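**Q** Next up is a structure, given as structure tokens.
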Amino acid sequence: MTHATGLKYLKNGCLPLMWCPGCGHGITLGNMLRAFEELDFTNENTVVVTGIGCWGKADDYLVTNALHTTHGRALAFATGVKAYNPKLNVVVLMGDGDGVTIGGNHFIHAARRNIDLTAIIVNNYNYGMTGGQVSATTPSDRRTSTTVYGNPERELDVCALAEAAGANYVARGTVYHGWDLKNLIKEGLSKKGFSLVEVVSPCPTHFGRNNNMKVAVKMLNWLKEKGVTKEKYAQLTDSQKDGYFIIGKLVDRDAPDYNTRYEEIRARAMGS
Amino acid sequence: MERETRLVQGNQAIAEGAIYAGARFYAGYPITPSSEIAEECSKLLPKVGGVYMQMEDEIASIAAMVGASLAGAKSFTATSGPGFSLMQENLGLAVMGEVPCVIINVQRAGPSTGLATKPAQSDVMQVRWGRHGDQSIIALSPATVEECFTLTVKAFNFAEKYRVPVVLAADEIVAHMRENLSYPAPGELEIVDRKKPSVSPEEYKPFLPEDDDIAPLAAYGSEYVFHVTSSMHGYDGYSNNNPANAEWRVAQLHRKIERYRDEIVMTKTFDTEDMDILLIAFGATTRAARAAALQAREMGIKAGVLQLLTIWPFPDKEIAALGPRIKTVVVPEMNYSGQVAGEVQRVLGPNIEIRRVNRYNGTIITPKDILKVINKE
Ligand SMILES: Cc1ncc(C[n+]2csc(CCOP(=O)(O)OP(=O)(O)O)c2C)c(N)n1
Ligand code: SF4
Ligand SMILES: [Mg+2]
């Protein structure tokens, strides 16, 4: 059996990518494109909407339709695309800063509307692009370029937020667990309604360097160790849980998506 | 076809004008004094197969509007002061991405929350310069309910023709006023649709202008695949930081509006042939200016009025053409700083006397206010 490579969606001559050696973004991109290929996405019926950040640069390398937007607002742009043309596959790429810090409000409401978008939020626990500043997902006490003595704030659980806000599909993967990640993305893309795949990912240049994981391999080992299944996580005692996170599918439900509901309401309006 | 006449509010005329122009997508966030536009759209758009969305804020509203436009919809949003401020960053994206769309700003009195339900004309400069980075913009300003309708249609036509966002800078007075509107019959007013690519999908470059300086725009979901970005980009829509490319693009964004300025700039004159004194007005203040000019004539003062239907690009040429006929110009406007008066002075130079009539307390400028200034010797 031959495996999907996703290469056909990559722009010719775009290598080397702008991302640092050891950055996780390339692995996520590759797995997303393999998922595209396995699902037979075409360039014509796919729109990749990106925000601003290192991950938000991903559209530079793609030959699908794309819309590179403003910091934090990608989901709102994507909402307009999808609401007007429900046939499109609309995939939204955001960093943790982009997607749930500056963009937190849009994230909540996209999930609440359950609009049929797939958000792939790469969480590297900091603002890679601007020099490794603290983000809403930076764990407490961690060091970043703006929390040099440790982060006094608490971290946001992106998946829990999506679940609470009403997303149909929620999953977390890491770039260490690449094969699983591809499958989670594929499932999210196939699911009607709002899907979130959070990808825990290394930024060795900033988060790693500031937290004794300057070498990329150290960061990958950290993901390998700390990302565990729901079952394994449940076996940990409360004091052991610190630093560990669940990977895999977290939410899978079938509430009607925004476009389906809108079409029902519109039919009512047209009949009145 | 017979025209139908109804007594309607300015905001309703704007919503109906938009749908007449072909608008099929609205995303907005309620704010006085623009909310009736949202309410009308929520009623009318689903009936014509369109989409109405109330977003979580104005940042999302303008973003969704841009997304829908790139998916092929004529789309728009409406707001007022605070919401218009929130929209600025993404309005800049619409300029950069050359996205056809219409933004209605029903001006209200600030600063900040200010006098939330009261009229103003204090966003003239924000409309023009509110965004970071160099860019040009088209803005129109209606003075009557009928103009609310017709200028909204124009705004869509300009947006579609020149591939730009267009601002309709209304004010609380025209937006909430009710007048008889004689509805243009379907097909009576010209409706412009964006230029579609004529080359093959392989050859299509979304930012390569044709001889008319306008690049054709495909829609997401069609056979044409394309990139749009807020970053500096080349003809193909991919980022491009080359200084020569950036220089060309920034100039191009200005150039396409400059080239068509004669089509874009609309003014009306009233009694300017034999005038000694000229009133220059826009939006609701035009109404007081016209009344004042008529009363001045009864008192033996030959006053004329120039109404600016287009406020950006500024009607330099039209104002300059009237300059030799007069020594005095009166500019009434509902702001403190004389945002239009300053532009008029720039056009006419220091040797013409510009008399300003400014109100910035949320009450309207009356003909009497203007007459007082006309009579001042
Ligand atoms: C309105 C606005 N504020 C700030 C910035 C600067 N900025 C660019 S990217 C970024 C953070 C990106 O972090 P994240 O989304 O986590 O992506 P990463 O770079 O880590 O992949 C910031 C703050 C901006 N571009 N726009
Ligand atoms: S700064 Fe961090 S997130 Fe950005 S490319 Fe480098 S490693 Fe990746
Ligand atoms: Mg990040």
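**Q** Out of all the residues in segment A:139-146, is one or more small (G, A, S), in contact (Cβ under 8 Å) with a residue 60 or more places away in the chain and surrounded by 20 or more Cβ atoms within 10 Å (Cβ to Cβ)?
**A** no
**Q** Could you list, in sequence order, the residues of segment A:17-37 that are more than 16 Å from ligand 3 (Cβ to nearest atom), surrounded by 21 or more Cβ atoms within 10 Å (Cβ to Cβ) and either of a type in the set (K, R) or in a loop (DSSP other than H, G, I, E, B) (or both)?
**A** Selection gives A:R34 alone.
**Q** What are the residues in segment A:235-252 that are in a loop (DSSP other than H, G, I, E, B), of a type outside the set (A, V, I, L, M, F, W, C) and in contact with a Phe, Trp or Tyr (Cβ under 8 Å, 6 or more places away or on another chain), if any?
**A** Across segment A:235-252, the qualifying residue is only A:Y244.
**Q** Can you pull out every residue in segment A:153-181 that is within 13 Å of A:F107 (Cα to Cα) and over 15 Å from the mean Cα position of the chain (by Cα)?
**A** The answer is A:A164, A:A165, A:G166.
**Q** Can you tell me how many residues within segment A:59-105 are closer than 24 Å to A:P256 by Cα and either among the hydroxyl-bearing types (S, T, Y) or free of Cβ contacts under 8 Å to residues at least 24 places away in the same chain (or both)?
**A** Within segment A:59-105, residues that are closer than 24 Å to A:P256 by Cα and either among the hydroxyl-bearing types (S, T, Y) or free of Cβ contacts under 8 Å to residues at least 24 places away in the same chain (or both) number 5.
**Q** OK, next. Out of (1) over 22 Å from B:L140 (Cβ atoms); (2) assigned to a helix (DSSP H, G or I), what's the single condition that is false for B:L322?
**A** Tallying (1) over 22 Å from B:L140 (Cβ atoms); (2) assigned to a helix (DSSP H, G or I), B:L322 fails exactly one: (1).
**Q** Does B:E4 satisfy the criteria of being of a type outside the set (F, W, Y) and closer than 28 Å to B:H132 by Cα?
**A** Taking the combined requirement at face value, the residue does not satisfy it.
**Q** Can you name the condition, by its number, that A:I115 falls short on among (1) crowded, with 20+ Cβ neighbours inside 10 Å; (2) within 16 Å of ligand 1 (Cβ to nearest atom); (3) within 14 Å of another protein chain (Cβ to nearest Cβ)?
**A** Failed condition: (2).
**Q** From the list B:R24, B:R3, which one is at pLDDT below 95 and assigned by TED's automatic domain parsing to the domain that holds B:A120?
**A** The match here is B:R3.
**Q** Within segment B:131-145, can one find any residue that is surrounded by 24 or more Cβ atoms within 10 Å (Cβ to Cβ), of a type outside the set (A, V, I, L, M) and closer than 22 Å to B:P184 by Cα?
**A** yes
**Q** State all residues of segment A:209-259 that are out of contact with any Cys (no Cβ under 9 Å at 6 or more places or on another chain) and of a type in the set (A, V, I, L, M); if no residue qualifies, say none.
**A** Those that are out of contact with any Cys (no Cβ under 9 Å at 6 or more places or on another chain) and of a type in the set (A, V, I, L, M): A:M213, A:V215, A:V217, A:L220, A:L223, A:V228, A:A234, A:L236, A:I247, A:A255.
**Q** Moving on. Considering each of B:E98, B:E58, B:E89, B:E36 in turn, give the residue that is of a type outside the set (A, V, I, L, M, F, W, C), at positive phi and assigned by TED's automatic domain parsing to the domain that holds B:E147.
**A** B:E98
**Q** Consider only pairs whose beta carbons are under 6 Å apart and that are at least six residues apart or on different chains; among these, list those whose first residue lies in segment B:45-70 and is more than 7 Å from chain A (Cβ to nearest Cβ) and whose second residue is part of a helix (DSSP H, G or I).
**A** Every condition considered, the pairs that remain are B:Y52/B:C41; B:Y52/B:S42; B:E58/B:G83; B:E58/B:L86; B:E58/B:M87; B:I62/B:M87; B:I62/B:N90.
**Q** If you don't mind, there's one more thing I want to ask. Here are some conditions: (1) within 14 Å of chain B (Cβ to nearest Cβ); (2) more than 15 Å from the chain's Cα centre (by Cα); (3) away from ligand 3 (no atom under 13 Å from the Cβ). A:M129 meets all but one. Which one does it not meet?
**A** Result: A:M129 fails condition (3) only.
**Q** Given B:R325, B:R297, B:R287, which one is within 22 Å of the chain's Cα centre (by Cα) and either within 14 Å of chain A (Cβ to nearest Cβ) or among the charged types (D, E, K, R) (or both)?
**A** After applying the criteria, what remains is B:R287.
**Q** Further question on the same structure: From the list B:P350, B:P313, exactly one residue is modelled with pLDDT of 95 or more and either out of contact with any strand residue (DSSP E or B) (no Cβ under 7 Å at 6 or more places or on another chain) or not β-branched (V, I, T) (or both). Which is it?
**A** Just a single option satisfies the conditions, and that option is B:P313.
**Q** If I go through segment A:103-138 residue by residue, how many of them are in a loop (DSSP other than H, G, I, E, B), within 14 Å of ligand 2 (Cβ to nearest atom) and of a type in the set (A, V, I, L, M)?
**A** 1
**Q** Let me ask something else about it. Find all pairs meeting these conditions: Cβ atoms under 6 angstrom apart; at least six residues apart or on different chains; first residue within segment A:205-230 and closer than 18 Å to A:V122 by Cβ; second residue of a type in the set (F, W, Y) and exposed (fewer than 15 other Cβ atoms within 10 Å of the Cβ).
**A** Pairs found: A:K226/A:Y244.
**Q** Can you name every one of the strands (runs of 3 or more DSSP E) wholly within segment A:38-102 that holds 2 or more residues which are crowded, with 24+ Cβ neighbours inside 10 Å and facing chain B (nearest Cβ under 8 Å)?
**A** Of the strands (runs of 3 or more DSSP E) lying wholly inside segment A:38-102, those with at least 2 residues that are crowded, with 24+ Cβ neighbours inside 10 Å and facing chain B (nearest Cβ under 8 Å) span A:46-50, A:65-68.
**Q** Would you point out the residue of segment B:148-184, among those that are under 26 Å from B:R131 (Cβ atoms) and polar (S, T, N, Q), that is surrounded by the most Cβ atoms within 10 Å (Cβ to Cβ)?
**A** B:T152
**Q** Another question about this same structure. How many residues, within segment B:71-104, are in a strand (DSSP E or B) and within 8 Å of another protein chain (Cβ to nearest Cβ)?
**A** Here the count works out to 1.
**Q** Kindly indicate whether B:I37 is out of contact with any Cys (no Cβ under 7 Å at 6 or more places or on another chain) and in a loop (DSSP other than H, G, I, E, B).
**A** For B:I37, the condition - out of contact with any Cys (no Cβ under 7 Å at 6 or more places or on another chain) and in a loop (DSSP other than H, G, I, E, B) - is not met.
The values are calculated or read from the model by the stated rules, or taken from the named source; none is laboratory data. No experiment lies behind these values; they were computed from the predicted model shown. Every residue, glycine among them, receives a Cβ derived from its backbone with ideal geometry; neighbour counts consider all protein chains shown.
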